[in-house]
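The values are calculated or read from the model by the stated rules, or taken from the named source; none is laboratory data. Just so it is clear, the model here is predicted, and its values are computed rather than measured. Reconstructed Cβ throughout: ideal geometry from the backbone, glycine too, with neighbour counts over all protein chains shown. We work out accessible area using only protein heavy atoms, side chains counted, and drop any ligands, DNA or RNA first. Shrake-Rupley method; radii C 1.70, N 1.55, O 1.52, S 1.80 Å.
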Amino acid sequence: MKLKGRHLFGLALLTLLVYLFVSAPEPLPEAKPAVSAKFPVKLLFDVLAAEQHAARGIYTRRVVGPGLKTGMKFTEDWTDTDVEAGPLPAIFLRGVSIQLQSSNSEVGLFLGSDYPLSPLNKFTGIQIQHFEEIKKEGNPAFFLDPSNNMYTAMFLDPAGAPSCVSCHNNHPDTPKLDWQLNDPMGATTWLYPRENVSAEEVLTRLAILRTAMRDVYQVYLDKASAFTEAPVEIGAQWPKDGFYLPDADQFMQAVAEQASGDSLQTLLKAIGAQTHVGL
Ligand code: HEC
């Protein structure tokens, strides 16, 4: 009996996974899946972090990096009316975080540091202690923060490229002038109010995160479509070919291609461990 229930659960979950990863535009099938099984919130954090990591990577490596070479601009004050530029990756993340806040996802996100350029990004309380740990270990930290009662995950953000170091060291607001390559510059930090999550909860939060990323990218495209100093064409091409930006579909497809494999693997592993269905 129990085993049958688990199989049914596995099937229901597969339906959801197919919905999200394979046929997202199709409406969800009628069958109401029994997705009540609870997983530790770590599963939610792992899935969201993989997705966000993929998006930041694609944005940095395929938009900002080649864009700068082409002659496109990316700044902090990119939303000002007289500025023709796109958002720096950290500002892009800030935008996603604001979108998440205004959704009903209950998910908190920020890129924190012990030496931040923006005081809003400074770790506080128990976060400081956990950041010290992950600096040494390199592994993510998962803990309950008693100051706000939020389950918290921190994923290390190392200085992976010389541009991280030079931009931060030379920034007028930097509290630290000697960042070096591979230094632990901060941590992508996620917050969630509950200790356990259902599979459905994970998938809906993933969908909300994707929507938030698409919306922020679209704000950039809307602005870029009116650039006059260096007009940008929006469509299928990327900045490596010149003054081009991929449209939101192209951009999100690249993110999904990179992240979906990881996310699916993380989900299947967790579900397999819990249900013994052998997914
Ligand atoms: C061209 C400049 C620039 C580059 C390149 C850059 N950053 Fe930043 N970064 C910023 C700015 C500006 C902020 C503050 C954003 C805000 O106001 O939230 C920031 C914020 C951060 C934060 C949050 C803490 C803080 O300092 O406020 C971390 C961590 C971070 N960046 C890491 C990196 C890493 C790692 C790289 C390279 C992969 C990188 N940055 C590349 C400009 C840059």
Sum of -39500 (n - 2.57) over DSSP H runs of 4+, divided by residues of the chain (222 nm, nearest 500) = -16000 deg cm²/dmol
Between Ala236 and Thr81, the two model label points (7 Å from Cα along the beta-carbon direction) sit apart by a distance in nm of 3.8
How big is the gap, in Å, between the Cα center of the stretch 182-218 and the Cα center of the stretch 232-279?
-> 14
Diagonalise the Cα gyration tensor of the stretch 48-168 and give the resulting equivalent ellipsoid semi-axes, square root of 5 times each eigenvalue, largest first, whole Å.
-> 27, 17, 14
Roughly what angle does helix 248-275 make with the longest principal axis of the chain, taking Cα atoms, 0 to 90 degrees, to the nearest 10?
-> 30
Dividing the alpha-carbon radius of gyration of the chain by 2.2 N^0.38 Å (N being the number of residues), what value is obtained?
-> 1.07
With Ala187 itself left out, Lys, Arg at +1 and Asp, Glu at -1 over residues whose Cβ is under 9 Å from its Cβ give 0
Mean-position separation - Cα centroids, the stretch 55-90 and the stretch 131-161, in angstrom | 27
Please state the charge dipole magnitude for the stretch 40-262, taken about the Cα centre, from unit charges on C-beta atoms (+1 on K and R, -1 on D and E), reported in debye and rounded to the nearest 20.
-> 260
Can you pull the percent of the stretch 73-138's accessible area that's carbon plus sulfur, 1.4 Å probe, other chains left in place?
-> 53
Apply the Karplus parameterisation 6.51 cos²θ - 1.76 cosθ + 1.60, with θ equal to phi minus 60°, to every residue of the stretch 113-125 and state each ³J(HN,Hα) to the nearest whole Hz, in sequence, with x for glycine and proline.
-> 7, 8, 10, x, 6, 10, x, 5, 9, 7, 5, 10, x
Report relative contact order for the chain in percent, whole number only (criteria: Cα-Cα under 8 Å, sequence separation at least 6).
-> 26
Restricting attention to the alpha-carbon atoms of the stretch 163-275, what are Rg (one decimal) and Dmax (integer), both in Å?
-> 19.2, 58
Gained length - Arg61 relative to Asp215, 0.36 nm times residue gap less alpha-carbon distance | 53.5 nm
Could you give the accessible area per residue of the stretch 40-262, probe 1.4 Å, as a whole number in Å²?
-> 48
Tally of Lys pairs whose C-alpha atoms are under 19 Å apart, taken over the stretch 40-262, 8 or more apart or cross-chain | 7
